[in-house]
Structures are given as C-alpha cells and as structure tokens.
Amino acid sequence: MKAHLHHFDITREESMLLPVEFHRKTRLQHVDKAFKAEITRIVPLTDMERLYQLRILDPGERERFTFFPGQFVMVDVPGFGEVPISISSSPSSKGLVELCIRKAGLVTGVLHKAGQGARVGLRGPFGTFFPMEQMKGKNVLLIAGGLGIAPLRAPLYSIIENRPDYNTVHLLYGARDQSQMLFGYQYEQWRRVGDVKLHLIVETPDPCWTGEVGRITALLEKIRIDPDETYAIVCGPPVMFKFVCNRLSELGLPMHRMFVSLERRMHCGMGKCCRCNIGSTYTCLDGPVFDYWTVMNLKEAI
Amino acid sequence: MLFRVITKEAFRKFVNTLLSEIEIIAPRKVATDYTGRSIYHYLPVDRFEDVALDYDTTRFSAKTYFTPFKENLASYSFQNGDWTQSIRYRGVTRLILGLHACDINALLKLDKVMARGPFPSPHYIARRKNTLIIGIDHDPCAGGFCRSLGTDTVTHGFDLFLTDLGDRYFVAIDSDRGFSMLQEVENTEVTEDDRVEYSAVRRRIAKGFTTHVETHNLPNILDIEFESPVWAKWGAKCLSCGTCAMVCPTCYCYGVSQEFSMDFASARKNKQLYSCNLYDFARVAGDHNFRARTSTRLKYRYYHQHRGFVETYNEPMCVGCNRCGNACLAGISPPEVIADLHMEEKA
C-alpha cells in the first residue's frame, strides 16, 4: 500500500522554485522569506522619529522589489520581531526604501539603537495603495497630521516626479508643535521645485512660531476647493481624519475620492493572523489605504 | 464521486495494514469527566482497538494537525554581524481517521484562508496535502448545531468517508489516493439494498438534531445589533480566557514572536495560535487598544465567525460543533447568544 502514500514535497513545487515575487499574491511561494536589506543611512528627525534608508542587498531581489505609494513592508529584526511600516520614499527608486520609524515598542526600540550597516529583513510590499493614476489631471489635497506625513511622502514624491500630470497640489500639515514637524528640511524643495502649495499649522506654538495656530481643519478654510475636480489623501491619527473627512464631505467632496491610510498591529501582513481585522476587513489585504466610504462602513475603524 | 461498500472486518484489516505504514491519528477515549461523559481526543493510535469510531465529539478539534498551536515559521543564524534566514516546511505523511462532517467542513473553510486566495501558506499546504482523511458519519452529538449551518454533510475534502450500515460501511471516495488504497482490500459495488439502507441512516441522522440556531439574516442582524445590550450581558460573563478559540476547528488567528537561543547564535520566529478574546489582541503602538472591553472582544468573535467570513466567502466560519460552548468556563454558548440577538431584533 506504501506506493499510494507517497510524500508531497512542497519545496519541489514549480512555483516554489521561482524567485520570490511579493506582488504575485496568489502564487504559492515562500511567504516568510525576507529580503535582506542594509541600513545605508539614518536621518534623525525628532527624539522619537528617524528616517531609515535601506538598500536591498541581492541585486536580483532589488530589481524585483517594486511598490505603489501607500503600501507597507514588514520589517524583520531577527531575534526581536517584525513590525509593519509604511514606505515613505519614491516608488521610482529601485531597491532603495525609506522608512520613517517612531520609537514605540520593542522592535522599533531596537531599530533606534541600530547603526548604519545593520542588516534587517523586509517582507512585502503589502496592501492597497493610493490611486495615483486616477488622480491625474485633477487637483490633489494631501493632508497629514503628525506622523501621518510618513505614508504621505510616497504619493507626494510620485506627484512631484510626474508633476505635469496633476493640477493644483496642496499639502496641509499639522503637528502638536514645531519640534514635532517632520521633514522640515524638505519644505522649501517641495514648495519651490515640486510646485506644492504647503500650509502648516501647529496646536501649541512656541514663541518663534509665526505661522498658523489651531487644528488642521482650520487650514481647509484657507484654501479654495473645487469638489468636482479634487482628490484627497488624508493620513494621521483616526480622530484627525474623521474631522478632516467630515469637513471635506461638507465641502462637497464625494467620499469615494477621499483616501485614508489606517494603522493596525500586524503579525503576518498576508491576511492570515487576523490581528489587523477591523470588523471583518483585513487592514493588510483590503487596506491600509481605504476610501472614506469604506472606512465609514467599517465597525471600530475610527 | 465513487462509492463502495466494505465490511467492518475488512475495514479493521485495512486500518491495521495502514498502521504498519503511516502514523494514524484517531479519536481516543482519554478520560471520563465529572458528569460521566467520555472525553475524547484526536491522538496517535497504535492499534485498531484504540480507535473510538463511535465517539460523540472531541474536546479539541483536529486543527492542531494542520495549523499547530505553536509552529516555527523561520530560523535565523548569526555570524560575523550578519544573519541567515532558513525556512523549513513540515509535512509528515499521516492519516486522520474518524473525522466528522463538521470537522472536514472546518478544514475546507481553513483551506479557503490558508491554501487559496492571497498568499497561500506553504506551511499549511505541506501539512494538508500530506494528510489522508477518512471521515465517518455519526448521530448528532448533544448541543451540536451543524445542521443549522449546513455542515452536517460533506461532499469533498476527504479521501474516504464512511457511513455505518451495521455490519458494513458505505464508503464515499473523493480522491485517487483513497481509491487506490481501497483497492488493496476487499470491497464491493454498491447494491440497491445498500443505497436504501444508506438513505435510511441519513434520514435518521437528520431527524436527530435537537439544537437549532436561527441563521436567517444573521450577518445583517449582527451589523444592525452592533450596539445591542446583548453584548454587554454576555461580555460581563466572559473571562477573556481564549478557550473558545483554542478548541474551535476554524479559528485560525495567531501571534508571531521571535526568540533568541541561549547563546545568541540563533533565533526563531514562531507562530502561536491566539484568540481575539485576549486583552491585547488589537493593541497597537502607543498602548492604544482598539478593543479594550471584554464585551467588544466577545462580540468581535461572533462578528468574524458569522458576518466577516460570510462577506468574504459567502458562508459562515462556524461549523456548529459547539466545542466552544462545551468548553466555556462562563457558560457562553453560540446558540444562546445568537438566540438572544434575534430576540433583540424583535423587541
């Protein structure tokens, strides 16, 4: 009878022998395999946040690694764990990934101790992305609160690199105070080279602050929005995008043209572990980018 | 599907032959509980006499043989400031004998999550494809409500499926593997008498159900009753221990953690089954917890089982085995909670 009980060796399945390709979601492959990447540069932003530049070491993997603005990667620090981090760099830079990481727990704490040259693993990219193609020919409102600027940098770069394809672009950015504003050294470039209308606001101004003071919704009153010709991308804490999106709704912007990026704890990134489930939706598969209508229909989303 | 008939004596010989060749997991009586009820577990067996094919239900489901409570996903070795990752898939050839229809249906549901759709899991598929399944029909177990969920019969997902006709088994064959195996023992074509008898047995089983759960419009009711006081009522009883998810044949959620070896020369990435009823299930960075309340977590489990899964796969995740109801220390059982929800809707 033994002849009928032959062992099935999954590692010899045809698709398992092909190089890992994370965008081919339905192909059987080594889903836990991490791309090894080296930290090539660390840019301190605040006490808590740093920008990490990573380069995938294997030239073949570097070539195959592509992503869309809004997607995230699982960063694997061997021995410590994995964390989901949204990609903060331009989708056109092959194999070079920038991640803006806040020191918030065990794994990110270890990353803050890591130096240049340290090697981490990357899995991904995972998740949905902002519809950059759909937005072409339209006005774009990029609205960020606090650390929300991190996932917003990817669509921002995508727009700046293809600037003629888009109409008026506003970037509205709010933070608790001036010291919490990230990427201050890039504002001039975004404004002058990128032709992005940048508006900043803080909640508690320090004595040298000369700009706007208040909640981010106040900035919406300062600009003219054409609801029929505008898309909005909103990233920030849930309470912030709730107020922003509700105000945009009042201004006539349809909910299916507002996009938000949600944040949840993820253990797998592949729609298995359930940790990022909202009601019944996987943030890792169906998100993290959702249109606001979908978010309104998710229980416990906000 | 092909059907055959095999005598019980031939089946015993068949199992004994298999026992000399592969590991067999089967229901075994391990103890008797305080009410005098037998406690069965799916465990490895050495001889046919240890197999309790007439068992009512097991306390744990057989999912541990497909998605183990703890599983190694990857290993890392450290050398000269660098690391190397290695991944191993474990899939020993073995046979699970005596699975009931609900448990086979549970595997079919797990297949949808783990083996199909986005990111099929090689860990799961290696185990699933190397496991032979011989299922068996049975009279309804106390408290089971599989008939309400349409999981009391099964049409695929096994190699052989037996229905007891007294001195012989009516065998459904769902794989060439099962067909070839059966060729090795004496079996006969299905006769008119066999078919008549089979139908009579199935009718008897169908009539034997005493627990019913109203599933009509349940996905919508769950959404409408999201703020219902029913959740506060049952949530107040819930101990957030996670037992329900551990015994459930379809709950698959897990946590991933890593650990260093004592000499720091290597590390392991492990997956451990979790439960959405545990306090930190939805806790995120900055210590914010999306489901800090017991009642919210309890509600969430029902929401995923009876609405979320339906949205994705057009069928509920629950198979109605009521293992969670039997195991719950606080006496929370799905038939009661769901009945309560329906009452709430009428009020």
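Computed from the coordinates by the stated procedures, all read-outs in this text should not be read as laboratory data. Model, not experiment: these values are computed from the prediction. Because the Cβ atoms are built from the backbone with ideal geometry, glycine has one as well, and the counts that use them run over all protein chains shown.
Quick notes
- Derived from the Cα gyration tensor, the three semi-axes of the equivalent ellipsoid of segment B:1-77 are 27, 22, 13 Å, largest first.
- Sequence-distant contacts, meaning Cα pairs under 8 Å at least 6 residues apart, place the relative contact order of chain A at 16 percent.
- Dipole check for segment B:60-157: with +1 at the C-beta of Lys and Arg, -1 at the C-beta of Asp and Glu, and the Cα centre as origin, the magnitude is about 240 Debye.
- With each label modelled as a point 7 angstrom along the Cα→C-beta vector, the residue A:246-residue A:191 pair spans 3.2 nm.
- Along each principal axis, taking the top coordinate minus the bottom one, the Cα set of the protein assembly as shown gives 91, 66, 45 Å in descending order.
- For residue B:299, the lysines whose Cα comes closer than 16 Å to its Cα, not counting residues fewer than 8 places off in the same chain, are A:299, B:233, B:237.
- Of the residues B:171, B:157, B:199, the one whose Cα sits farthest toward the positive end of the charge dipole of segment B:150-199, with +1 on the Cβ of Lys and Arg and -1 on the Cβ of Asp and Glu, is B:157.
- Compactness of chain A was expressed as the Cα radius of gyration divided by 2.2 N^0.38 Å, which yields 1.06.
- If R0 is taken as 45 Å, the Cβ-Cβ distance between residue B:93 and residue B:226 corresponds to a FRET efficiency of 0.45.
- The Cβ shell under 13 Å around residue B:38 holds other residues with a net charge of +1, Lys and Arg each +1, Asp and Glu each -1.
- Nearest-0.05 FRET efficiency for residue A:229 and residue A:23, computed from C-beta distance (R0 41 Å): 0.85
- Entries in A:25/B:63; B:70/B:129; B:29/B:269; A:25/B:269 that, when Cα-Cα distance is taken, lie over 30 Å: B:29/B:269
- Normalised by 2.2 N^0.38 Å, where N is the number of residues, the alpha-carbon radius of gyration of segment B:1-153 equals 1.25.
- Taken residue by residue and averaged, Cβ atoms of other chains lying within 10 Å of the Cβ of B:74-85 number 4.
- The percentage of C-alpha pairs in segment B:156-229 whose separation is greater than 17 Å is 64%.
- In straight-distance terms, cross-link reach from residue A:136 covers every one of the aspartates and glutamates whose alpha-carbon lies under 13 Å from its own, apart from those fewer than eight places away in the same chain; here that gives A:161, A:165, A:229.
- Shape descriptor for segment B:218-346: Rg over Rh equals 1.04 (Cα atoms; Rh from the Kirkwood inverse mean 1/r).
- Potential lengthening between residue B:79 and residue B:43 on full extension [0.36 nm per residue; Cα-Cα distance subtracted]: 8.9 nm
- What the Cβ-Cβ distance of residue A:119 and residue B:241 gives, at R0 = 41 Å and to the nearest 0.05, is a FRET efficiency of 0.55.
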